[in-house]
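Chemist: My structure is below; once you've seen it, I'll send some questions.
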Amino acid sequence: MKLITEKSIAGQRCATIRPLEVKTETLEKSFLRSELKLPEVSEVTLARHYTELSRRAFGVDTGFYPLGSCTMKYNPKINEEVAGLEGFTHVHPLCEEEDVQGCMQAMYELTERLKAITGMDALTLEPAAGAHGEYVGLMLIAAYHKKRKDSKRTKIIVPDSAHGTNPASAVMAGFEVVNVPSDENQGVDIEALKKVVGDDTAALMLTNPTTLGLFEKNIKEITEIVHNAGGLVYYDGANLNAIMGVVRPGDMGFDVVHLNLHKTFSTPHGGGGPGSGPVGCKAILKDFLPGVVVELDKKGEYVFAKPSHTIGKVMPFFGNFGVCLKALAYIKTLGAEGIKEASQNAVLNANYIKKGIEDLYPTQTGRFCMHEFVISCDKLKAETGVAAMDIAKSMIDNGMHPPTMYFPLIVHEALMIEPTETESKETLDEAIAVLRKLHKEAYENPEQLKSAPHHAQIFRPDEVMAARKPVLKG
Amino acid sequence: MKLMYAKTHEWVAIDGNKAKIGISDHAQHELGDLVFINLPAEGDSIVAGESFCDVESVKAVSDLYAPVSGRIVAVNTELESAPELINSDAMGAWICEVELESEGDDLMDEAAYAEFIK
Amino acid sequence: MANYLTNTDSQVKEMLSAVGVSSLDELYADIPADLKLKKLEIEKGLSQQETLDEMKAMANKNTDYKVIMRGAGAYDHYIPSVVKYLSSRSEFLTAYTPYQAEMSQGILQSIFEYQTMICALTGMDVSNASVYSGATAAAEGVLMTKAGAKTEIIVSDNVNPRNLEVIKTYISQRGMTVTVIPSKNGETDLNALTAAVSEKTACVYTEQPNYYGIIEPATYIGEIAHSKGGKFIMNCNPMTLALLKTPKECGADIAVGDAQPFGLSMSFGGPFLGYMAANDKEVRKLPGRIVGETVDKEGNRAFVLTLQAREQHIRREKALSNICSNQAHCALVAGMYLSAMGTEGLKEVATTCLSLAHYAAEEFKKAGAELKYSGDFFHEFVTVTKAKASKINEKLKKEGILGGLELDKNEMLWCFTETVTKADIDKVADIIRRA
């Protein structure tokens, strides 16, 4: 397909603006740039180009999207309408508080609800994405130890099953990373943890459910071990969709948590953003929060308050406000009971698929998974040569988005499946049937899978060439 | 000249007080198509057993560990734009040359290495 | 209430029995009973209709300014209908990061086109797929320049204070320091800058136009930055790049900024769109996603996420940044906006902003206001008025006009875009005259 720049024909015009009503101002020549080349297309060319691009994109609205750890649930359309209300979109961020009471109310209401869901005492909406939230959470921890003059605490403990963002965020916040192995049940190895915690421990970062989709049963003991050593415990909210309304990070002993509104609260992912990564914390950390928080004063007016020992700003204004509106609309519609049902059904759907395929694809048995589970194609690969990647690519031929591949790193040939609560039994049955069929085909006709996809937009791309000789613009 | 291998799959060709370093053919095969090498700088000192460089394939990055200690006197900058040379000729594609200070522990000769990777 | 679940009660029962349990609660057997939440303390769910009504009521509480004469980092521009409608297609909205190239060519190509247009605007060699905002782009750009003993950033005090705050947060744990030098008549003081740069200087960071709207002597700033081996980072309002010298032409190593003016509403400050572009040499340090062009096994054009081994999910604690998601949908909007405007259209918008601002400055002067700085400006400028800024803004509010940002008791930072009419400006001039 041609690029929009390749469809450009000099002189074609699309959008137009009001003619200039005053004298044309010209700049001194030394200020001026050389030639500018942007696409020049008519409106119909533009409309067809982007419609074609949209047909070459696959979203939750296109089909089943069981991408583990990403919570690809249905994105209600009311979210879009709410965020698109002119009373919200046409608001400049630098206004007097009295002019933006509606925006501040939205921020306040979302903050309160997210605090209730996570069991935290305070929360900021400023971080723009999950990784940004991780960074902020760790900066709070750094500021906390610093204020207490506990300068030895330079290490963040991260399980070997953690997402790569965790250690990267820890380094961004100035920490060193210590890895702790998983035990035979693929939970945190308590004995190993006891060995690594000490007076240099700043915090432990954890997801619960773990990246294997299992609830960490020893969570209370784990958080106590870290607290007793003087460290704090960080909750990576990537997997919150399993437990909303059932159990709260705050009650498990976590001190700080980041959420992903684009995952758990359906704000859509937008092809990779914008997201929003609010950070909640216990009272001991609230004075360090970034930017401003909204408070409700005695007169019933919303006011901005700057935390007394703030780590500073991480976004120019109030974060991705438009995304926050979508999450608020979602939570308002679901309410307390709907939120819990969402998690319960996410867990049911995951267990239902797991049950349907676990005789063919090895996974954790003997326990219920949470909202997602990890299968291994190790045996399949050894016996047929068909790898996790080949199963994934073959799913594309069956009209489904592949699961997350090769994560977590501790499982060989891993595929991580997260169906989410909004999928129907029919869809889940179809997914089970497809995965069973592919398993059979792997033994009968492995070459077919190894060269998949056959009916996609493109065949497998040459990623080696893309990286060796990068072509990064048209 | 003496050719030795480290357990971490780097080779070192020692010639007097100079030593050239690369990665073994076995290693390049395991790593797959290399797309980039993060070369060390001339003048840097490297320490046996410590990471001195990393190589990237499409979906992985791997540290390379120094088989010997010494100061880098030359770097094979050709690899900067053509890391694939390591895939096509691992033994020819030297990464850097050092002024040798000391050899690392547990270096193997060719036969021992061949046995090691069996 | 609505919960967006699909299955009926009897289907749920069927599934429960397939899994081997009789209730949903049993699935949570791993969670210790004493940890379980008794009751989630949030309101009951509303119908969609009620939710929409509540959210509309909230939106209506905000003051409805018909005319915006304020910028300072957020800009009110006309957004063509075609951009709003096409970008809201749900295939774009409901997709994830394009990990699976075979079914994500549309998203990947839209990012590649965005990168292409950012390179065209900035003149730089490479662009990433975007970051969270212009401020975080600036902060990530600054971090790219840390090298050995080069750990100091030099900025003039005429940069956007919010951008500087974000930079300060980002460097606070990374062993970098920032030195702020005083500006002269609102512009970067080249003598002060020359005196400030040293072997320790990792970079000089400049905004174009600067916070006061003034066009900076960027080429000279770049030369001074480079004189001691430091890098030169320019943060440009990309709308002004329709006319102004590109960062490349000014000698910048890294160009950053916020592309919100390209089709994104102000939305109380977000989501916006941080762009980052750099010279070829810097590409491996550039954080975030990058899309590249390649071919599939049949030689068809294909787009993929590339140079991924730079990123956190592979490099873990050795990654230069932790960024995962970009602002992909915002980048899609910006690409669409630039295509809808085209070269001539974008120049028209920029020229209109420039001309209206200069008209306003003249009219405000006639009305008794003074310009605080004498330097050439683009579409923002600072006035000093006899009347208090707050008093002027109060009067403007009654007319549905959001006036300039109050920098001091009598100082206002104004911004003019194509959304403002001559009549609006005349009205404001009149109010200034009578205030």
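Chemist: Go through C:ILE215, C:ILE154 for me and flag whichever is over 23 Å from C:VAL283 (Cα atoms) and of a type in the set (A, V, I, L, M, F, W, C). Steps first, answer last, please.
Modeler: Working: C:ILE154 fails: over 23 Å from C:VAL283 (Cα atoms).
Of C:ILE215, C:ILE154, the one residue that is over 23 Å from C:VAL283 (Cα atoms) and of a type in the set (A, V, I, L, M, F, W, C) is C:ILE215.
Chemist: Still on this structure, please answer the following. Quick check on this structure: which one of A:GLY11, A:GLY63 is surrounded by fewer than 15 Cβ atoms within 10 Å (Cβ to Cβ) and in contact with a His (Cβ under 8 Å, 6 or more places away or on another chain)?
Modeler: Working: A:GLY11 fails: in contact with a His (Cβ under 8 Å, 6 or more places away or on another chain).
After ruling out the rest, the residue left standing is A:GLY63.
Chemist: Only one of (1) under 25 Å from A:ASN208 (Cβ atoms); (2) part of a helix (DSSP H, G or I) fails for A:PRO362. Which number is that?
Modeler: Checking A:PRO362 against (1) under 25 Å from A:ASN208 (Cβ atoms); (2) part of a helix (DSSP H, G or I), the one that fails is (2).
Residues are listed down the side, and each one gets a yes or a no for (1) of a type in the set (Lys, Arg); (2) within 25 Å of A:GLY84 (Cα to Cα); (3) in a loop (DSSP other than H, G, I, E, B); (4) modelled with pLDDT under 95:
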| site | (1), (2), (3), (4) |
| --- | --- |
| A:HIS269 | no, yes, yes, no |
| A:GLY275 | no, yes, yes, no |
| A:SER308 | no, no, yes, no |
| A:MET315 | no, yes, yes, no |
| A:VAL323 | no, yes, no, no |
| A:LYS326 | yes, yes, no, no |
| A:GLY338 | no, yes, no, no |
| A:GLN344 | no, no, no, no |
| A:ALA350 | no, no, no, no |
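Chemist: If a residue has to be assigned to a loop (DSSP other than H, G, I, E, B) and surrounded by 18 or more Cβ atoms within 10 Å (Cβ to Cβ) to count, how many in the stretch C:385-396 make the cut?
Modeler: Adding up the residues that qualify gives 1.
Chemist: Here is a check on your reading of the model: is A:GLU52 more than 7 Å from every other protein chain (Cβ to nearest Cβ), surrounded by fewer than 19 Cβ atoms within 10 Å (Cβ to Cβ) and of a type in the set (Asp, Glu)?
Modeler: So A:GLU52 passes the test.
One line per residue, one yes/no per condition, for (1) within 30 Å of A:PHE321 (Cβ to Cβ); (2) without any contact (Cβ under 8 Å) to a residue 12 or more places away in the chain:
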residue	(1), (2)
A:LYS23	no, yes
A:LEU27	no, yes
A:VAL41	no, no
A:PRO66	no, no
A:ASN75	yes, no
A:PHE88	yes, no
A:GLU97	yes, no
A:ALA106	yes, no
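Chemist: Let me ask something else about it. Please list, ordered by first then second residue, the pairs with beta carbon atoms under 7 Å, 6 or more apart or interchain, first in the stretch C:50-63 and within 15 Å of A:CYS95 (Cβ to Cβ), second surrounded by 22 or more Cβ atoms within 10 Å (Cβ to Cβ) and of a type in the set (Phe, Trp, Tyr).
Modeler: C:ALA59/A:PHE88
Chemist: Out of A:LEU46, A:LEU36, I need the residue that is assigned to a loop (DSSP other than H, G, I, E, B), hydrophobic (A, V, I, L, M, F, W, C) and over 26 Å from the mean Cα position of the chain (by Cα). Which one?
Modeler: On inspection, the qualifying residue turns out to be A:LEU36.
Chemist: Shifting gears a bit: Between C:VAL382, C:VAL295, which is facing chain A (nearest Cβ under 7 Å) and either surrounded by fewer than 24 Cβ atoms within 10 Å (Cβ to Cβ) or part of a strand (DSSP E or B) (or both)?
Modeler: Result: C:VAL295 is the single residue among C:VAL382, C:VAL295 that is facing chain A (nearest Cβ under 7 Å) and either surrounded by fewer than 24 Cβ atoms within 10 Å (Cβ to Cβ) or part of a strand (DSSP E or B) (or both).
Chemist: Would you be able to tell me the number of residues in the stretch C:106-126 that are closer than 12 Å to A:ARG56 by Cβ, touching a Pro at 6+ places or on another chain (Cβ under 8 Å) and either among the polar types (S, T, N, Q) or more than 7 Å from chain A (Cβ to nearest Cβ) (or both)? Working first, answer last.
Modeler: So in the stretch C:106-126, the residues closer than 12 Å to A:ARG56 by Cβ come out as C:106-110.
With touching a Pro at 6+ places or on another chain (Cβ under 8 Å) added as a condition, the list becomes C:107-108.
Restricting the remaining residues to those that are either among the polar types (S, T, N, Q) or more than 7 Å from chain A (Cβ to nearest Cβ) (or both) gives C:108.
Qualifying residue count, the stretch C:106-126: 1.
Chemist: What residue, of C:ALA350, C:ALA357, C:ALA331, C:ALA340, is within 18 Å of the chain's Cα centre (by Cα) and either within 9 Å of another protein chain (Cβ to nearest Cβ) or outside any helix (DSSP H, G or I) (or both)?
Modeler: Exactly one residue qualifies, and that residue is C:ALA331.
Chemist: Quick one: which of A:LYS286, A:LYS298 is touching an Asp or Glu at 6+ places or on another chain (Cβ under 9 Å) and in the same structural domain as A:ALA122 (by TED's automatic domain parsing)?
Modeler: A:LYS286
Chemist: Kindly state which strands (runs of 3 or more DSSP E) lie completely within the stretch B:1-111 and contain at least 1 residues that are of a type in the set (Gly, Ala, Ser).
Modeler: It comes to B:10-15, B:18-23, B:51-57, B:61-65, B:68-75, B:96-103.
Yes/no matrix, rows are residues, columns are (1) in contact (Cβ under 8 Å) with a residue 24 or more places away in the chain; (2) over 18 Å from A:ASN345 (Cα atoms); (3) over 26 Å from the mean Cα position of the chain (by Cα):
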| position | (1), (2), (3) |
| --- | --- |
| A:LEU415 | yes, yes, no |
| A:LYS440 | no, yes, yes |
| A:GLU444 | no, yes, yes |
| A:ALA467 | no, yes, no |
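For every residue, the table says whether it meets (1) of a type outside the set (Ser, Thr, Tyr); (2) under 25 Å from A:ASN218 (Cα atoms).
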| position | (1), (2) |
| --- | --- |
| A:ALA116 | yes, yes |
| A:THR124 | no, no |
| A:PRO127 | yes, no |
| A:ASP150 | yes, no |
| A:GLY164 | yes, yes |
| A:ALA170 | yes, yes |
| A:PHE175 | yes, no |
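Chemist: Could you check, for the stretch C:142-165, whether at least one of its residues is farther than 19 Å from C:ILE254 by Cβ and facing chain A (nearest Cβ under 7 Å)?
Modeler: yes
Chemist: Of all residues in the stretch A:345-376 being acidic (Asp, Glu) and under 19 Å from A:ASN185 (Cα atoms), which is surrounded by the most Cβ atoms within 10 Å (Cβ to Cβ)? It would help to see each step written out before you state the result.
Modeler: Taking the stretch A:345-376 as the starting set, the residues that turn out to be acidic (Asp, Glu) are A:358-359, A:372.
Of the ones still in play, those that are also under 19 Å from A:ASN185 (Cα atoms) are A:358, A:372.
Working: A:GLU358: 16, A:GLU372: 32.
Applying the filter and picking the extreme gives A:GLU372.
Chemist: Assuming A:PRO268 fulfils every condition listed in (1) more than 8 Å from chain C (Cβ to nearest Cβ); (2) in contact with a His (Cβ under 8 Å, 6 or more places away or on another chain) apart from one, which condition is it?
Modeler: Failed condition: (1).
Chemist: Being part of a loop (DSSP other than H, G, I, E, B) and more than 7 Å from chain C (Cβ to nearest Cβ) is the filter here; which residues of the stretch A:66-94 pass it? Talk me through it step by step, then tell me what you get.
Modeler: Taking the stretch A:66-94 first, the residues part of a loop (DSSP other than H, G, I, E, B) are A:66, A:68-76, A:84-85, A:90-94.
Answer for the stretch A:66-94, where residues must be part of a loop (DSSP other than H, G, I, E, B) and more than 7 Å from chain C (Cβ to nearest Cβ): A:PRO66, A:GLY68, A:SER69, A:THR71, A:LYS73, A:GLY84.
Per-residue answers, yes or no, for (1) in contact with a helix residue (DSSP H, G or I) (Cβ under 6 Å, 6 or more places away or on another chain); (2) in contact (Cβ under 8 Å) with a residue 24 or more places away in the chain; (3) within 12 Å of chain A (Cβ to nearest Cβ); (4) part of a helix (DSSP H, G or I):
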| position | (1), (2), (3), (4) |
| --- | --- |
| C:THR206 | yes, yes, no, no |
| C:TYR220 | yes, yes, yes, yes |
| C:GLU223 | no, yes, no, yes |
| C:HIS226 | no, yes, no, yes |
| C:ILE233 | yes, yes, no, no |
| C:GLY263 | yes, yes, yes, no |
| C:PHE272 | no, yes, yes, no |
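Chemist: Check the stretch C:93-111 and report whether any residue there is crowded, with 20+ Cβ neighbours inside 10 Å, more than 30 Å from C:VAL131 (Cα to Cα), touching a residue at least 24 places away in the same chain (Cβ under 8 Å) and not charged (D, E, K, R).
Modeler: No.
Chemist: Give the stretch A:7-36 a look and list any residue that's within 7 Å of chain C (Cβ to nearest Cβ), basic (Lys, Arg) and over 30 Å from A:ALA47 (Cβ atoms), or say none.
Modeler: Residue satisfying the conditions is A:LYS23 alone.
Chemist: Tally time: how many residues in the stretch C:311-354 are β-branched (Val, Ile, Thr) and within 24 Å of C:TYR85 (Cα to Cα)?
Modeler: Of the residues in that region, 3 qualify.
Chemist: Quick one: which helices (runs of 4 or more DSSP H) sit completely within the stretch A:114-232 and have at least 1 residues that are touching an Asp or Glu at 6+ places or on another chain (Cβ under 6 Å) and of a type in the set (S, T, N, Q)?
Modeler: On the way: elements: A:130-147, A:165-172, A:190-196, A:219-228.
Result: A:165-172.
Chemist: Identify the residue in the stretch C:16-53 that is surrounded by fewer than 18 Cβ atoms within 10 Å (Cβ to Cβ) and within 34 Å of the chain's Cα centre (by Cα) and, among all such residues, is nearest to the other protein chains (Cβ to nearest Cβ).
Modeler: C:GLN48
The values are calculated or read from the model by the stated rules, or taken from the named source; none is laboratory data. Bear in mind that the values here come from a model prediction, so they are computed numbers and not experimental data. Cβ sites come from the backbone with ideal geometry, for glycine too, and all protein chains shown count toward neighbours.
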